[in-house]
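Data block below; observations after.
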Amino acid sequence: ERLEESEEAEDVRRRHADFFLALLRDANLTSPKLDARKPMRFDVALADQDNLRGALDWTLRSGAIALGLELATAADWFWANQDPNEGMRWFRRLFEHPEAEAVAPETRAYALCCYGGSTGISGDFEGAEPLWEQSLALFDQLGDEHGRAVLLHRLSANATIRGDLERARRLLEESHAIHARKTEPLTRAFRLGETTGALGAVARDAGDDERAYALISDSLSAARQSGVEWWEGKMLAELAALFLRAGRVEDAEAHARESLAIADRLRDIPGCVFGVGLLACVAAEQGESERAGRLWGAIEDKVAAAPLGGWQRHREACAARMGKAAGPEFDRGRNAGRTLTLDDAVSLALAPPDVEATAASPTPDQQGSG
């Protein structure tokens, strides 16, 4: 209250916003600007998320829209991991402000790219498309090849979802060719790994699982080479899904566990949902009906997606696998699972078998056969 009464209030608010913009930029959480030479500091955004929201709110009240868009863009991966709908709401409010038209083209281009990212990750792929098209047009106007490559990749994901695999492949190949001209080795490896993994998703949807496995495995290697752990987790999950399709249940379990451990460490909510869902499938395939029910009950109503596939792309196939576990034990586990938080479900999914029952259920009769 004393601050608001002070003549320095606006200056303090601006310095607060500038400080947290610098902090978030250093956290390396803007996906189109990712510097693979630096760690991605999800913990920074988690620790200061209320400062981020306070700063964004001030930019809207004061009309500092360029600064607001830069803040929202700097928090790109935070929105993706925690709540893409919140990211959408901030971007929408900022772009609807009268001052938004005066924002520099480069700032608008990156903000539109990230706005489309939050929109697509939330499941609104049709809404993401025009945002990405606007971003691509601005990057082309600026002569920004890197921005063009990023947007071609993103537009390819929508083409894959629509089933237009030829367009998806064409966009990815152009994006890949642009990234191949990069000189910084770690960022080049990451970007080429991204497009390779996306080409693997195209091959999978075309029914060529052997090629999909080869491409996604190459993408996983690139993620490990570049040190981008978030992408590593996504490719591990995609491989786990392929192993399930091939009936290689032990391989699926190993990859799903590794993916889930990464998602848990990064506090990646969509990644956690995907990992728990995959391990529910593994339990169903292994005849562990109650465990499958617990895991499935914990996440079956979660609405979560991830770039280039993820849970939203695989949920239907996972739900079909639950039929193998159907019966009283599955139903009992499912009812227990519905009471679990996502953190509880992750702990259950990752727990060794000898402690699983204790960790999963609050009552003795629910502990018996986990």
- Query: Rolling a 1.4 angstrom probe over the protein heavy atoms, how many square angstrom per residue are accessible across the chain?
  - Reply: 43
- Note on the structure: Heavy-atom accessible area of the chain with neighbours in place, 1.4 angstrom probe: carbon+sulfur share in percent works out to 48
- Query: Which translational diffusion coefficient, to the nearest whole µm²/s, is obtained for the stretch 88-188 from the Stokes-Einstein equation, given a Kirkwood hydrodynamic radius over C-alpha pairs, 20 °C and 1.002 mPa s?
  - Reply: 151
- Note on the structure: In degrees, nearest 10, the alpha-carbon axis of helix 185-205 is tilted away from the dominant principal axis of the alpha carbons of the chain by 50
- Message: If the reach is capped at under 24 angstrom between alpha carbons, list the lysines near LYS38, excluding any in the same chain fewer than eight residues apart.
- Response: LYS182, LYS234
- Note on the structure: In whole percent, the Cα-Cα distances of the stretch 246-289 spread across 10 Å bins from 0 upward as 32, 50, 18, 0
- Note on the structure: Semi-axes of the stretch 32-97 from the Cα gyration tensor (sqrt of 5 times each eigenvalue, largest first, whole Å) come to 21, 12, 12
- Query: Is the shape of the stretch 4-137 best called rounded, prolate or oblate, per the rule: a/c under 1.5 gives rounded, else a/b larger than b/c gives prolate, else oblate, with a ≥ b ≥ c the square roots of the Cα gyration tensor eigenvalues?
  - Reply: oblate
- Query: With charges only on Cβ, +1 for K and R and -1 for D and E, what is the dipole size of the chain about its Cα centre, in debye, rounded to 20?
  - Reply: 740
- Message: From the helices alone, meaning DSSP H stretches of at least four residues, give me the mean residue ellipticity at 222 nm for the chain, per-run term -39500 (n - 2.57), in deg cm²/dmol to the nearest 500.
- Response: -24000 deg cm²/dmol
- Mean projected area, convex hull of alpha-carbon positions in the chain, reported to one decimal in nm², is 19.7
- Note on the structure: Rounded to the nearest 10, the angle in degrees between the Cα long axis of helix 125-142 and the longest principal axis of the Cα atoms of the chain comes to 40
- Item | Surface/4 estimate of mean projected area, convex hull on alpha-carbon atoms of the stretch 213-255, nm² | 2.6
- Task: Please express the Cα-Cα pair-distance distribution P(r) of the stretch 180-307 as a list of whole percents, one per 5 Å bin, running from 0 to the bin with the greatest distance.
- Result: 2, 12, 19, 21, 21, 13, 7, 3, 1, 1, 0
- What residue among LEU244, ALA336, ALA223 has its Cα farthest toward the positive end of the dipole of the stretch 208-340, where the charges are +1 on Lys, Arg and -1 on Asp, Glu, each on the Cβ? ALA336
- Message: With the alpha-carbon atoms as the only input, what is the per residue convex hull volume for the stretch 144-241 in Å³?
- Response: 83
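The values are calculated or read from the model by the stated rules, or taken from the named source; none is laboratory data. Keep in mind that what you see is a predicted model, and the values were worked out from it rather than measured. In this analysis, Cβ positions are derived from the backbone assuming ideal geometry, glycine residues included, and neighbour counts consider all displayed protein chains. Remember, those area values only see protein heavy atoms, side chains included, never the ligands or the DNA or RNA. Shrake-Rupley method; radii C 1.70, N 1.55, O 1.52, S 1.80 Å.
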